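The values are calculated or read from the model by the stated rules, or taken from the named source; none is laboratory data. Given the structure is predicted, the values throughout are model-derived calculations rather than measurements. Ideal geometry is used to build each Cβ from the backbone, glycine not excepted, and the neighbour counts take in all protein chains shown.
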Amino acid sequence: MKQQRPPLFERLQSGLEDLRLYAQGEQELVETKLSIPEPPRSYAAADVTALRSKLQLSQSSMAQLMHVSVKTVQRAGNRESGLLPEWLPGCCRY
């Protein structure tokens, strides 16, 4: 069974208490570093169309595969777009 976390007020109260102890030098805070991935590269309309043809996918099927709307795939086929995820063209190379 999934453990429920405490109510928001209790979490805020605990956080403020930790901050008070830290300010008084009685407690160290845990530091978490996050990395932000590079933005996906853009693909030309011809790349989107060529990949769709190579995979023999309709616009609708391509949209479902990528979890986007059909309109997004149609727009990507008409202009420069960052539509395709970085992994998709690579997964289709033999």
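Selection over segment 1-55 of residues that are assigned to a helix (DSSP H, G or I), loosely packed, with under 11 Cβ neighbours inside 10 Å and in contact with a helix residue (DSSP H, G or I) (Cβ under 8 Å, 6 or more places away or on another chain) gives a count of 0.
Filtered by the rule that a residue be outside any loop (DSSP other than H, G, I, E, B) and either modelled with pLDDT under 65 or exposed (fewer than 13 other Cβ atoms within 10 Å of the Cβ) (or both), segment 75-87 gives S81, W87.
Annotation note: Cβ proximity below 8 Å between a residue of segment 31-48 that is over 30 Å from L19 (Cα atoms) and a residue that is in a loop (DSSP other than H, G, I, E, B) and among the basic types (K, R) (sequence gap 6+ or interchain) occurs for A45/R79.
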